[in-house]
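Single-structure report; data block below.
The values are calculated or read from the model by the stated rules, or taken from the named source; none is laboratory data. Small disclaimer: the values here were computed from a predicted structure and weren't measured. Cβ coordinates were reconstructed from backbone atoms using ideal geometry, including for glycine residues, and neighbour counts include every protein chain displayed.
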Amino acid sequence: MPKVIIPPPYRGPTQGTTEVDVDGGSVIECLEAVDHKFPGFLPLVVDQDGAVQRFAKLFLNGDQLDSDAALRTPVSSKDEVEVLAAIAGG
Amino acid sequence: MSGPTGDKLIYVDMTDQSIDVRDFPDEWKLLGGRGLSAKILLKECDPSCDPLGPDNVLVMAPGVLAGTAAPTSGRISIGGKSPLTGGIKEANTGGQPGQHLMKLGYRGIIVKGQPADAEKRYALEVNGDGVKIVAADDHKGKWNYALCEDLHGQYPATASFITCGPAGEARLTGASVATTDQDNRYPARHAARGGLGAVMGSKGLKYVAVDPGKTSARQPSDRKAFGALCKDYTKGYLEGPQMFKTGTSSIVPIANMLHTFPYKNRVDGQSPDAATLDGARIVESFETRGGTMHNCMTGCIVKCSNIVNDAQGEYKTSALEFETLTLLGANCAVASWEDVADMDRLCDEVGLDTIETGAAIAILMDAGQMEWGDADEMRKLIAEIPEGTERGNAVGNGAVAAGKFTGHHRVPEAKGQAIPAWDPRPLKATGVSYCTSPMGADHTAGLIVNPGLAPEQYAWESQKVQIVNTVCDSSGFCQFLQPSLDDIRAFYGALYGEEVSRETIHDQGWQVLEDEWEFNRQAGFTAADDKMADCLGQDAVGAEGAKVVFDVPAEIIQAVFKRMPAQEELFTAKASG
């Protein structure tokens, strides 16, 4: 099963869970599967228009995905989808 | 080869305006910035002193790597006993003076004493010929931008400045110390927290001018290794996601979603005006107004600072940060980023911490003494602070003073310092940092944006981040570069040509915290002070059905003070502020 790695700022909805094994054939399907298990997760990554939030970055097996096409990227069973969140004070 | 040698410390006694330049102790070579400030303060400042009296000591200490070719490494720490908290304080800022002092071989400026005549103003001039004190009465009372415009004409174009605005001269405990940007012109960077501007003002020191002339960068012991390290680290950063390339203000939406974008003196964790306060609006304005992103100091690869122009395309302020948009914006129910930009400029002009000032004004509003969202009145209020009005003094002295002035019960603070944007209710481990940091409520001391942590994880997470951030703030690296302890010790090793072990760097971080806690103990702090304001334990924020208060038990908070065994993640965790 593909694995989704949850960034620390988004672990409120996941109740501290750091990684989630999911069923999904694309990045968006994987993220939706996490949201199904932990409601409230998806809006932190994808906006109301279905685009990646600008403060989130997506990686597939360590490679950053182009934000426009990222969500449609195919995912296989051994893949790791990592979400990064841009968070800082200042 | 042993790396940079022959460094000096500048001792200034303002009582008789004398200067003593001393050799920098070799055993302190890995101490800079916050760590150096703590060491000097514990050794040379009576913790029980009046922070605005002659016995307080003001320290200006660049980080260890400042002045070298290491990327984003020229930050400077301003330290002293805080007139706001009554404890030790280090406020860290960018700009050029840190780079310039280190290029000249000065590891720090230590200012003691006080002039007999409180009306006199002085300046410290540092350049390749040495150090001297000159009269600066002509600059008395000047706002920071006017002062720096004048200094720009008075000194060579290569000089940078550390300045005290009129709020500091008035000894207001929310006053900041300003430094000039990478073009040496605008006093837009601020060591803002803890009222250290008031300490500078109490010493009659209006500004420090640092002119490195054509001095070159500090040379490491192993130039080849150091150069390769700089190149690889820069390449890695630039090929990465570059999370801060549109500035900290761009995180407003996510902070709002996480209920850590406080509204109306923190009665809510979300603002209905998040869209109009979003830093994305600032970036959009670049197209028509000509603002841009830039680096606040030479050699910075993060470039998180925005230059904000007005509608006519003229420079207004820099940088308009997330914390400022939160405290002077959402927390006061101000909806427009342009209004906040005006107030940011005013605070930089007067020399005030935007966090403390925004928190104080919100208390006046919550107490019914101002209308929520009245930006015009806020501008008027900040501008009147140098005039010494009763209301201006209350706000200029920070949140606790504003609470006393109004008699209002809701004063969100820890150790006398206003809570920053990052809210300790959804982010409880960050709250533990606010309660235990020697700095009081300061997100740069130990920010942990992880609302999913279990209570038993709070103490370790807080201790870990406090150690990493302490070492980062001693190194000269900016927290937004997000260096780890392993990164920092690699740079130290190449700089001085000797390995710096994990144990050594862990010891250093812990020792700095120990020095600071010891200073606070001698200043009279006890475990009873390691707590959050009552209102944050009573007034909940969060989504319906999931509202939270700050309810971390004292035993978890106290666990931070006991050194825990190092885990692998201590050395790979990134600085977070």
Checklist entry - Are any of the residues in region B:530-541 within 14 Å of chain A (Cβ to nearest Cβ) and either assigned to a loop (DSSP other than H, G, I, E, B) or not charged (D, E, K, R) (or both)? => result yes
Next on the checklist: For a quick check of your reading: which helices (runs of 4 or more DSSP H) sit entirely within region B:320-401 and have at least 1 residues that are touching a Phe, Trp or Tyr at 6+ places or on another chain (Cβ under 9 Å), outside the structural domain of B:Phe286 (by TED's automatic domain parsing) and within 18 Å of B:Phe261 (Cβ to Cβ)?
Outcome noted: none
Checklist entry - Residues of region A:12-33 being within 13 Å of A:Val83 (Cα to Cα), out of contact with any helix residue (DSSP H, G or I) (no Cβ under 8 Å at 6 or more places or on another chain) and within 14 Å of chain B (Cβ to nearest Cβ), which ones? => result A:Thr18, A:Glu19
Next on the checklist: Taking the condition of being within 12 Å of another protein chain (Cβ to nearest Cβ) and either farther than 21 Å from B:Gly195 by Cβ or free of Cβ contacts under 8 Å to residues at least 24 places away in the same chain (or both), how many residues in region B:459-488 meet it?
Outcome noted: 7
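Please state which one of A:Pro9, A:Pro39 is within 12 Å of chain B (Cβ to nearest Cβ), in a loop (DSSP other than H, G, I, E, B) and under 28 Å from B:Ser249 (Cα atoms). It would help to see each step written out before you state the result.
Numbers: A:Pro9 fails: in a loop (DSSP other than H, G, I, E, B).
Every option except A:Pro39 fails the conditions.
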Item to check | Residue that is nearest to B:Val334 (Cα to Cα), among those in region B:246-277 that are among the aliphatic types (A, V, I, L, M) and either within 11 Å of chain A (Cβ to nearest Cβ) or without any contact (Cβ under 8 Å) to a residue 60 or more places away in the chain (or both) | outcome: B:Ala274
Checklist entry - Name the residues in region B:324-352 that are within 14 Å of chain A (Cβ to nearest Cβ), within 15 Å of B:Ser176 (Cα to Cα) and of a type outside the set (Ser, Thr, Tyr), would you? => result B:Asp344
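If you check B:Ile385, B:Ile419, B:Ile448, which single one turns out to be surrounded by 24 or more Cβ atoms within 10 Å (Cβ to Cβ), more than 14 Å from chain A (Cβ to nearest Cβ) and either over 16 Å from the mean Cα position of the chain (by Cα) or of a type outside the set (Gly, Ala, Ser) (or both)? Explain how you work it out, then say what you get.
Values: B:Ile419 fails: more than 14 Å from chain A (Cβ to nearest Cβ); B:Ile448 fails: more than 14 Å from chain A (Cβ to nearest Cβ).
Criteria check complete, one pass: B:Ile385.
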Next on the checklist: For the condition of a type in the set (Lys, Arg), in contact (Cβ under 8 Å) with a residue 12 or more places away in the chain and under 28 Å from A:Pro13 (Cβ atoms), what is the one hit in B:Arg289, B:Arg281?
Outcome noted: B:Arg281
Checklist entry - In region B:404-414, is there at least one residue being within 14 Å of chain A (Cβ to nearest Cβ) and not in a loop (DSSP other than H, G, I, E, B)? => result no
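Based on what the data block shows, is B:Glu503 of a type in the set (Asp, Glu), over 25 Å from the mean Cα position of the chain (by Cα), modelled with pLDDT of 95 or more and in a loop (DSSP other than H, G, I, E, B)?
Numbers: of a type in the set (Asp, Glu): yes; over 25 Å from the mean Cα position of the chain (by Cα): yes; modelled with pLDDT of 95 or more: yes; in a loop (DSSP other than H, G, I, E, B): no.
Answer is no for this residue.
Got a sec? Which of B:Gly53, B:Gly35, B:Gly86, B:Gly79 is touching a helix residue (DSSP H, G or I) at 6+ places or on another chain (Cβ under 9 Å), in a strand (DSSP E or B) and in contact (Cβ under 8 Å) with a residue 60 or more places away in the chain? Write out each step before concluding.
Values: B:Gly53 fails: in a strand (DSSP E or B); B:Gly35 fails: in a strand (DSSP E or B); B:Gly86 fails: in a strand (DSSP E or B).
Among B:Gly53, B:Gly35, B:Gly86, B:Gly79, only B:Gly79 is touching a helix residue (DSSP H, G or I) at 6+ places or on another chain (Cβ under 9 Å), in a strand (DSSP E or B) and in contact (Cβ under 8 Å) with a residue 60 or more places away in the chain.
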Checklist entry - What about B:Thr234, is it of a type outside the set (A, V, I, L, M, F, W, C), under 18 Å from B:Ala319 (Cβ atoms) and under 26 Å from the mean Cα position of the chain (by Cα)? => result no
Item to check | Pair list, Cβ < 6 Å and 6+ apart or interchain, from region B:154-173 residues that are of a type in the set (Asp, Glu) to residues that are modelled with pLDDT of 95 or more | outcome: B:Glu169/B:Gly201
Checklist entry - Taking region B:305-332 as the region of interest, how many residues are touching a strand residue (DSSP E or B) at 6+ places or on another chain (Cβ under 7 Å) and in contact (Cβ under 8 Å) with a residue 40 or more places away in the chain? => result 9
Checklist entry - If we keep just the residues of region B:278-319 that are within 21 Å of A:Arg54 (Cβ to Cβ) and part of a strand (DSSP E or B), which is farthest from the other protein chains (Cβ to nearest Cβ)? => result B:Thr292
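Regarding region A:53-71, can at least one residue be identified that is outside any loop (DSSP other than H, G, I, E, B) and more than 14 Å from chain B (Cβ to nearest Cβ)? Talk me through it step by step, then tell me what you get.
Of region A:53-71, the ones outside any loop (DSSP other than H, G, I, E, B) are A:56-60, A:63-64, A:70-71.
If we keep only those that are more than 14 Å from chain B (Cβ to nearest Cβ) as well, we get A:71.
Yes, that holds for at least one residue.
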